[in-house]
There are 2 protein chains.
Amino acid sequence: MNTDEESDDFIVTPWEVEGEIDYSKLIKKFGTTPITPEMVSRIKKLTNGDLHYMIRRGLVISHRDLDWILNKYESGEKFALYTGRGPSENTHIGHLIPWQFTKWLQDKFDADLYFQLTDDEKFLLKLENSYQETTRLAYENATDVLALGFNPEKTHFIIDSEAGVKFRKIATEISKKITFSTIKGIFGFTESTNIGMIYHPAIQAAPCFYPSVLKGRNVPILIPAGIDQDPYWRATRDVAKRLGYYKPAAIHLQFTPGLEEGGKMSASKPESTIFTTDSSKLAEKKVKRAFTGGRDTIEEQKRLGGQPEKCNVFAWYRSSFESDDSLLDKRWNDCKSGTLMCGPCKQELADRVVIFLETHQAKRQELKEKVAELVIRE
Amino acid sequence: MNTDEESDDFIVTPWEVEGEIDYSKLIKKFGTTPITPEMVSRIKKLTNGDLHYMIRRGLVISHRDLDWILNKYESGEKFALYTGRGPSENTHIGHLIPWQFTKWLQDKFDADLYFQLTDDEKFLLKLENSYQETTRLAYENATDVLALGFNPEKTHFIIDSEAGVKFRKIATEISKKITFSTIKGIFGFTESTNIGMIYHPAIQAAPCFYPSVLKGRNVPILIPAGIDQDPYWRATRDVAKRLGYYKPAAIHLQFTPGLEEGGKMSASKPESTIFTTDSSKLAEKKVKRAFTGGRDTIEEQKRLGGQPEKCNVFAWYRSSFESDDSLLDKRWNDCKSGTLMCGPCKQELADRVVIFLETHQAKRQELKEKVAELVIRE
């Protein structure tokens, strides 16, 4: 639902991303702050020049209070990271992108990560979803998180259905400060929404303050997430001050398009993305069917060059499968100049996806039992 | 809030009881079933003739599905009892009355009791309530329950803020089946109600199904409570079938009036009742100020007799401080005939209240540490 009265050609809510997204318009609409070159320089300085390629490439687009949290960091007050996932399906490439960026933040800023799996929300959202299944998926998804190489010493999973008394208490405290009319406006709830969903924003806000409860002091929180998740934090930021906690800061990533034309990767369109559980064969097939910026014929492409600016295969290289900037530039130029054809370019992506999948799946196997140890039950 | 369109001279909701209550009207309005002489005979048979005086005196006025639950009992399927308290204040005599009846049910039907203390709800209800304080009161109130002599082997406290994962899961399952519009109608919530309160009916319904979860089989539930609590169970009964559980049955008690004129005992009118923590001196003072059915002068009372039918002191004897029917009848007749004056009648009640308080307070002291052992945290 688009709650803005202004009519746009795109829709961005926590549940739906559709259309050609104009990010500057979206940033203005959401009221977040764009990432400026000054901010990029500041991060670069703090990470000893080792900027993540998602920042270098402008995939990290906006923030809330990032300057404030970096001030805290510089004055010796470490922040914790909070992100999460609604476990309605297996994990796919679209989920991994912000998590990979989160891992980089953990490494560079020596930050604890609180990762929430909202198995309750996914159960509540759809009549046909079973609780047992969403909890099972929570563990599956958490295994994918760990497989990305997060530091197990500093990674804590909150599985909503298994959360402990301290967690529930802070959620109750938050819920006292949020009225139905506030939440209705933000999420587009109606009178037919079930009361579990209506309550859920309190559960989703709780990890912003939970680390403070656990540590017994105010802990600054940075939320790395797709910009579509921003509405969740507006109510939380309003509540924070009234509860005596810091407002959570946020850093927002752009979406990476799906393999098919239009829209972001989505589990509900399985052809648009690759699940971490897909077989190599299926993954290869999906990549080969991807929407590209290629011309109608090879002859035409040689003559006019390809259009990497509208190519989803190129977008995948940029966001996930080519970390070397000069090689990414070369790919762009070779495409533009008509040297690189879509066939081999797709094949190479498919090969990299398969290598990634095989490595990732082996790590998943290895870390399967580890998740339970990292679930906080306090 | 009176959700009925018909205008009455009384208001009965889970939060408010005002005016002269016409119980037959109320039963009709709530849609419950009156307790018939046949039902009384049936209970008498099942308890070997040992009827509780509250049943004998018509203080137990209505029910839902009591016949069904007695059928279950007779066919060997034991029921569990569920009642509770919102710990906003210390316990007073008005709370003890249904609990005393509940204890009798526990003894006679060898039933487990699940007693819920909604410290979260009381925290959520009023801006000024602190969570720490409502939790403290939950333990205080639970001590009063135990002091009434419940079997500790069969008594389980659910303190909402400390409830475990299984309890929260069943609450989430319930919440999926209740929409805002349903709950709004029952409780009179508005858009300015906080989302914690909106969610709370799911928490309050959870103990209806929690014993089934714990036992791994469907357990019939009987809820003994003031009839003002009935609205809570309407939504629950609707939900039960859809979740595959038995609908909870209920048995309703009439209110006992406060010591002052009009209304039921209420913690918000401390002169209307006696708290279990009141000193003997204060208790005696409150009883002596009670509203009675006495005449303006002693001379007049001797001539015309008193009016026990509108006397709150007599009502206290009937509901709590005279278990012997023939002595209660004698008191009625002595009052009616002008033999018994209000002064000595009040003094005798005050003496009995003081004896009760002293015994009860000693038991509270003795059982103070016991509550924590009986809190379920599953």
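The values are calculated or read from the model by the stated rules, or taken from the named source; none is laboratory data. Since we're looking at a predicted model, the values are computed, not measured. Here the Cβ positions follow ideal geometry from the backbone for every residue, glycine too, while neighbour counts run over all protein chains shown. For accessibility, only protein heavy atoms count, side chains too; no ligands or nucleic acids. Shrake-Rupley method; radii C 1.70, N 1.55, O 1.52, S 1.80 Å.
Of note:
Each row is one residue, and each column tells you yes or no for (1) small (Gly, Ala, Ser); (2) surrounded by fewer than 18 Cβ atoms within 10 Å (Cβ to Cβ); (3) farther than 18 Å from A:Phe275 by Cβ; (4) out of contact with any helix residue (DSSP H, G or I) (no Cβ under 9 Å at 6 or more places or on another chain).
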{"site": "A:Arg318", "(1), (2), (3), (4)": "no, no, yes, no"}
{"site": "A:Leu328", "(1), (2), (3), (4)": "no, no, yes, no"}
{"site": "A:Arg331", "(1), (2), (3), (4)": "no, no, yes, no"}
{"site": "A:Leu340", "(1), (2), (3), (4)": "no, no, yes, no"}
{"site": "A:Pro344", "(1), (2), (3), (4)": "no, yes, yes, yes"}
{"site": "A:Leu349", "(1), (2), (3), (4)": "no, no, no, no"}
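- Given (1) open to solvent by less than 30 Å² (accessible area, probe 1.4 Å); (2) modelled with pLDDT under 95, number of the condition A:Glu5 does not satisfy: (1)
- Within the range B:141-155, the only residue that satisfies the criterion of being among the polar types (S, T, N, Q) and open to solvent by 10 Å² or more (accessible area, probe 1.4 Å) is B:Asn151.
- B:Lys363 being part of a helix (DSSP H, G or I) and open to solvent by 60 Å² or more (accessible area, probe 1.4 Å): yes
- Being modelled with pLDDT under 95, among the charged types (D, E, K, R) and in a helix (DSSP H, G or I) is true of A:Glu309.
- Test: B:Thr134 is polar (S, T, N, Q), within 14 Å of chain A (Cβ to nearest Cβ) and either surrounded by fewer than 23 Cβ atoms within 10 Å (Cβ to Cβ) or over 17 Å from the mean Cα position of the chain (by Cα) (or both): yes
- Looking at the range A:48-153, the strands (runs of 3 or more DSSP E) lying wholly inside it that each contain 2 or more residues that are over 28 Å from A:Gln365 (Cα atoms) sit at A:60-64.
- Screening B:Gly188 with (1) at negative phi; (2) more than 7 Å from chain A (Cβ to nearest Cβ); (3) surrounded by fewer than 23 Cβ atoms within 10 Å (Cβ to Cβ) gives one miss only, at (1).
- Selection count where residues are closer than 30 Å to A:Ala206 by Cα and not basic (Lys, Arg), scope the range A:341-378: 9
- Restricting the range B:156-184 to residues that are closer than 22 Å to B:Pro98 by Cα, of a type outside the set (A, V, I, L, M) and crowded, with 23+ Cβ neighbours inside 10 Å leaves a set whose member that is farthest from the other protein chains (Cβ to nearest Cβ) is B:Phe157.
- When we screen B:Pro257, B:Pro270, B:Pro248 for residues that are within 23 Å of the chain's Cα centre (by Cα) and open to solvent by less than 20 Å² (accessible area, probe 1.4 Å), the only hit is B:Pro248.
- Residue match in the range A:203-219 (condition: away from chain B (no Cβ under 13 Å), part of a strand (DSSP E or B) and in contact (Cβ under 8 Å) with a residue 12 or more places away in the chain): no
- Among the residues of the range B:48-69, just one is of a type in the set (S, T, N, Q) and closer than 24 Å to B:Lys247 by Cβ, namely B:Ser62.
- Residues in the range A:226-260 that are at pLDDT 90 or above and assigned to a loop (DSSP other than H, G, I, E, B): A:Gly244, A:Tyr245, A:Tyr246, A:Lys247, A:Pro248, A:Gln254, A:Gly258, A:Leu259, A:Glu260.
Table: residues versus (1) over 23 Å from B:Gly226 (Cα atoms); (2) in a helix (DSSP H, G or I); (3) among the basic types (Lys, Arg).
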site	(1), (2), (3)
B:Ser320	no, yes, no
B:Asp329	yes, yes, no
B:Asp334	yes, yes, no
B:Gly338	yes, no, no
B:Ile355	yes, yes, no
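- Residues within the range A:154-168 that are of a type in the set (Val, Ile, Thr), in contact with a strand residue (DSSP E or B) (Cβ under 7 Å, 6 or more places away or on another chain) and in a helix (DSSP H, G or I), tallied: 0
- Residue check for A:Ala290: assigned to a loop (DSSP other than H, G, I, E, B) and either surrounded by fewer than 17 Cβ atoms within 10 Å (Cβ to Cβ) or touching a Gly at 6+ places or on another chain (Cβ under 9 Å) (or both): yes
- Of all residues in the range A:169-202, those satisfying the criterion of being touching a Lys or Arg at 6+ places or on another chain (Cβ under 7 Å) and not in a loop (DSSP other than H, G, I, E, B) are A:Ile186, A:Asn194, A:Gly196.
- Residues that are charged (D, E, K, R) and in contact (Cβ under 8 Å) with a residue 60 or more places away in the chain were ranked within the range A:263-300; the one that is nearest to A:Asn333 (Cα to Cα) is A:Lys288.
- A:Glu128 being out of contact with any Gly (no Cβ under 9 Å at 6 or more places or on another chain), within 13 Å of chain B (Cβ to nearest Cβ), open to solvent by 10 Å² or more (accessible area, probe 1.4 Å) and among the acidic types (Asp, Glu): yes
- Some residue of the range B:36-46 being surrounded by 18 or more Cβ atoms within 10 Å (Cβ to Cβ), of a type in the set (Ser, Thr, Tyr) and under 21 Å from the mean Cα position of the chain (by Cα): no
- Here is the figure for the range B:178-198: residues that are under 25 Å from the mean Cα position of the chain (by Cα), more than 18 Å from B:Leu127 (Cβ to Cβ) and not β-branched (Val, Ile, Thr) total 4.
- Residue check, A:Lys72 in the same structural domain as A:Phe115 (by TED's automatic domain parsing) and open to solvent by 70 Å² or more (accessible area, probe 1.4 Å): no
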